[in-house]
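Enquirer: Structure incoming, see below.
The values are calculated or read from the model by the stated rules, or taken from the named source; none is laboratory data. Bear in mind that the values here come from a model prediction, so they are computed numbers and not experimental data. With ideal geometry, Cβ positions are generated from the backbone for all residues, glycine too; neighbour counts draw on all protein chains shown. Note: accessible area is taken over every heavy atom of the protein model, side chains too, but ligands, DNA and RNA are not part of it. Shrake-Rupley method; radii C 1.70, N 1.55, O 1.52, S 1.80 Å.
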Amino acid sequence: MSDRAPEQLALVGDIGGTNARYGLVDLSVEKPEILDAHGYLTSDYPRSLDSVAAYLERVGLKRPPHLAVIAVAGPIVDGAIRFTNLDWELSETGLVDMGFDDARLLNDYAALALAAPLLEAGDTHQIGGPAIVSNQKTIAVLGPGTGFGVSALGRDGTGHAAMATEGGHVAFAPVDEVEIEILRILMRKYGRVSTERILSGPGLCDLHDALCQIDGNGAPHRDPAEITRRAVEGDASALRTVNRFCAILGSVAGDLALAFGAQGGVYIGGGIAPRMLDILDASPFRERFEDKGRFRGYLEAIPVKVILRPYATLLGAAHAPRLLALG
């Protein structure tokens, strides 16, 4: 990559609560692709720009490329972000001061929404709904990871626009007696309980602890990866938790499909869902997704797809209209 001139290149990034991922895009080609993608643990770096510098050193660039477009997990205010689930800050000004000619931040799930229509068959795993829908309909994108991301790609046949939202922080809505008790337990801990308090890595642990309290069955675990692994291996207590997690995810996904009018499909991103595909398929996810009373038929016609492609958010950043226009 070091043989390309910096003015031909853009750095694309995706910074979440746990991982920072970067790649390069050659702006001189008609259809940009992600080159030299690599990820870093955010816990290994005191500042966001330190991780950027580590990547540039890795790919052998003597100076930063022309442009940086970085997708970030949290609200962007005046070209800057203080991350919701990470003790980092980042700004477009800071990136320019680092040596980029220009820089843009965009919401990570807005970038993922831009990537969704570009995904191919092997990039996703479908859970119910028709195989083919109109490519002119709005799609919703959501996903549990360190937090819970939500966005949509509005499409009306004449154009499209990615919507940056903080929909993961809407209030959790229980649908049965068990979930009402889960809400009570988490209210004692947090006060207000958002969807992210359950549908995230830390939320999976809180959900497991709450179910252990309710059922008096199973030992609390503080590692979401351990809960997921135990569930995949057939541990009854962990499987109970993961099935409930999937059920709640189905309800939330269905609510968001209604809220956005996502007749073009719902896409699930984040790092958790791909690790539990078999459980997700067999869980109440799809039933809860469709269980919307008079709008069951509306939801039955909407496919849900889990995103499997690595670095999909970088793909969205690379194809963001602002990146191509600036290039």
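Enquirer: Determine, yes or no, whether residue 242 is over 19 Å from the mean Cα position of the chain (by Cα) and part of a helix (DSSP H, G or I). Steps first, answer last, please.
Expert: Working: over 19 Å from the mean Cα position of the chain (by Cα): no; part of a helix (DSSP H, G or I): yes.
In short, no.
Enquirer: Identify, from the list 132, 81, the residue that is out of contact with any Gly (no Cβ under 9 Å at 6 or more places or on another chain) and not small (Gly, Ala, Ser). Spell out how you get there, then give the answer.
Expert: Details: 81 fails: out of contact with any Gly (no Cβ under 9 Å at 6 or more places or on another chain).
None of the other options fit; the residue is 132.
Enquirer: Among the candidates 164, 173, 152, which residue alone is of a type outside the set (S, T, N, Q), at pLDDT below 95 and either surrounded by fewer than 16 Cβ atoms within 10 Å (Cβ to Cβ) or over 18 Å from residue 272 (Cβ atoms) (or both)?
Expert: 164 is the lone residue from the list that is of a type outside the set (S, T, N, Q), at pLDDT below 95 and either surrounded by fewer than 16 Cβ atoms within 10 Å (Cβ to Cβ) or over 18 Å from residue 272 (Cβ atoms) (or both).
Enquirer: Let me ask another. Given the conditions (1) under 26 Å from residue 206 (Cα atoms); (2) in contact with a strand residue (DSSP E or B) (Cβ under 6 Å, 6 or more places away or on another chain); (3) open to solvent by 30 Å² or more (accessible area, probe 1.4 Å), report the number of the one that residue 125 does not fulfil.
Expert: Answer for residue 125: the failing condition is (1).
Enquirer: Here's something else I'd like to know. Just the residues that are open to solvent by less than 60 Å² (accessible area, probe 1.4 Å) and either among the β-branched types (Val, Ile, Thr) or within 18 Å of residue 179 (Cβ to Cβ) (or both), please, taken from region 216-241.
Expert: 218, 227, 228, 237, 239, 240, 241 - these are the residues of region 216-241 that are open to solvent by less than 60 Å² (accessible area, probe 1.4 Å) and either among the β-branched types (Val, Ile, Thr) or within 18 Å of residue 179 (Cβ to Cβ) (or both).
Results for (1) open to solvent by less than 20 Å² (accessible area, probe 1.4 Å); (2) in contact with a Phe, Trp or Tyr (Cβ under 8 Å, 6 or more places away or on another chain), shown as yes or no for each residue.
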{"residue": "182", "(1), (2)": "yes, no"}
{"residue": "186", "(1), (2)": "yes, yes"}
{"residue": "191", "(1), (2)": "no, no"}
{"residue": "207", "(1), (2)": "yes, yes"}
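Enquirer: Sticking with this one: Could you look through region 193-205, keep only residues that are closer than 17 Å to residue 171 by Cβ and touching a Phe, Trp or Tyr at 6+ places or on another chain (Cβ under 7 Å), and pick out the one that is most open to solvent (accessible area, probe 1.4 Å)? So that I can check it myself, show each step before the final result.
Expert: So the first thing to find is which residues in region 193-205 are closer than 17 Å to residue 171 by Cβ, and the list is 193-200, 203.
Filter once more, keeping what is touching a Phe, Trp or Tyr at 6+ places or on another chain (Cβ under 7 Å): 193-200.
Numbers: 193: 7, 194: 10, 195: 7, 196: 26, 197: 95, 198: 1, 199: 1, 200: 3 Å².
Filtering first and then ranking leaves 197.
Enquirer: Okay, moving on. Test each condition in (1) surrounded by 17 or more Cβ atoms within 10 Å (Cβ to Cβ); (2) in contact (Cβ under 8 Å) with a residue 40 or more places away in the chain; (3) not in a loop (DSSP other than H, G, I, E, B) for residue 53 and report the one that comes out false.
Expert: With respect to (1) surrounded by 17 or more Cβ atoms within 10 Å (Cβ to Cβ); (2) in contact (Cβ under 8 Å) with a residue 40 or more places away in the chain; (3) not in a loop (DSSP other than H, G, I, E, B), residue 53 is out only on (1).
Enquirer: Something else about it: Filtering region 69-100 down to residues that are farther than 17 Å from residue 51 by Cα and open to solvent by less than 20 Å² (accessible area, probe 1.4 Å), which residue is modelled with the lowest pLDDT?
Expert: Among those that are farther than 17 Å from residue 51 by Cα and open to solvent by less than 20 Å² (accessible area, probe 1.4 Å), it is 74.
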